Amino acid sequence: MGIGKIGVVGAGQMGTGIAHVCAVSGLEVTIQDLNPDQLKKAIEAIDRTLERQVAKRKLTGEDKQIALARIRTTDDFSEFGDCDLVIEAATEREDVKREIFRTLTPHLKPDALLASNTSSISITRLAAATDRPEKFIGMHFMNPAPVMQLVELIRGIATDDATYEAIRALCEETLGKQIALSEDYPAFIVNRILMPMINEAIYTLYEGVGSVEAIDIAMHLGVNHPLGPLALADFIGLDTCLSIMQVLYEGLADSKYRPCPLLVKYVEAGWIGRKVGRGFYDYRGEVPVPTR
């Protein structure tokens, strides 16, 4: 099953990164978003990341221009009519994703594959919102996609072998990524382990055990994590962290997955991390400053 043309739904941080990886790997890419400003920002972000790769001699200047030429943008799902695979990378809300798939599928060719970049939501349920559950799979790219080597693959109950093998080959042979195959359980492997750790770090702050800086230094130097859990939460987005914890809490019915009230408060305040300039750190100055 040849995959040469990719569609990406959503021009946010993840959609932009996925488009970058695909274009550098020689694939034609169409990015769709309803917000023209977001599409403009996506191309600018890809251009900047490519330039950094040129500066590090991972790409040539010619490679950069060729990759950019492979990317087009649109606000219309009908532009996906010639795509072999469409990857949804919208916000981590099941109702939003299901509506996207219901609107998208009439525009696709019959043999087109579908994937979701969801980091927590049931692939089986999302696939049921389409006309091709057997051609649907989870492709959870790590953030930032151009740097991180893992793609978590998740088969829904209906995902057929041909779809899995085509996506596995795409990830390993075309994109140069390593895969980890997860069963279709809430939050899969990575976030099933990572998000409770972040949530516990927030509880540690909430209960006054340590400050923002103390918690992050402790995990950075004490466990050799490259980034402390609160700084990592800001990078991921506190809204995304909360959504994943809610999926875990509701899906597994275990109190150990209850989102920390402080996490809820930060999201209610709109302080959701780097993308808005404030989270557990304030990023509006030259140096990030803890907000608690």
With Cα coordinates, the longest principal axis of the chain makes an angle with the long axis of helix 94-104, in degrees rounded to 10, of 10 degrees
One finds the C-alpha centres of the stretch 1-19 and the stretch 112-155 to be spaced, in Å, by 12 Å
Quick shape check on the stretch 75-182: root eigenvalues a ≥ b ≥ c of the Cα gyration tensor, a/c under 1.5 is rounded, otherwise prolate if a/b tops b/c, else oblate, and it reads rounded
In nanometres, the difference between 0.36 nm per residue of separation and the alpha-carbon distance of Lys58 and Ala180 is 41.4 nm
Sequence order, the stretch 20-32: Karplus ³J(HN,Hα) from phi using 6.51 cos²θ - 1.76 cosθ + 1.60, θ = phi - 60°, Hz rounded, Gly and Pro as x, gives 4, 4, 5, 5, 5, 7, x, 9, 6, 10, 10, 9, 10
Within the stretch 123-142, the residues whose backbone N lies under 17 Å from a label point placed 7 Å from the Cα of Ile157 along the Cα-to-Cβ direction are 123-138
Ordering 102-111, 122-131 by per-residue average of other C-beta atoms within 10 angstrom, highest first, gives 122-131, 102-111
The chain: relative contact order from alpha carbon pairs under 8 Å, six or more residues apart, as a whole percent, is 13 percent
quick note, the chain, DSSP beta bridge pairs, % antiparallel (nearest 5) is 25 percent
Sorted by chain and number, the residues with a modelled amide H under 5 Å from that of Ile137, at a separation of 5 or more or across chains, are Leu114, Ala115, Ser116
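With an 8 Å cut-off on Cα pairs and a minimum separation of 6 or more residues, tell me the relative contact order of the stretch 190-287 in percent.
Details: 110 pairs, mean separation 26.9, N = 98.
Answer for the stretch 190-287 is 27 percent.
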Rounded to 0.05, the calculated FRET efficiency for the beta carbons of Asp282 and His225 at R₀ = 22 Å is 0.50
Looks like the stretch 1-106, by Cα gyration tensor root eigenvalues a ≥ b ≥ c and the a/c under 1.5 rounded cutoff (else prolate when a/b is bigger than b/c, oblate otherwise), is prolate
Placing one equal point scatterer on each C-alpha of the chain and summing with Debye, one gets log10 I(q)/I(0) at q = 0.07, 0.09, 0.13 Å⁻¹ equal to -0.27, -0.44, -0.93
Under the rule rounded for a/c under 1.5, else prolate if a/b exceeds b/c, else oblate, using alpha carbon gyration tensor axes a ≥ b ≥ c, the stretch 186-292 is classed as prolate
Cα-Cα longer than 30 Å, checked against Lys64/Lys97; Lys40/Lys109; Lys97/Lys177; Lys56/Lys135, kept in input order, equals Lys64/Lys97; Lys56/Lys135
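A short reminder: the numbers here are calculations on the coordinates, not readings from a lab. Keep in mind that this is a model prediction, so the values were computed, not measured. Positions of Cβ are backbone-derived with ideal geometry, glycine not excepted, and every protein chain shown enters the neighbour counts.
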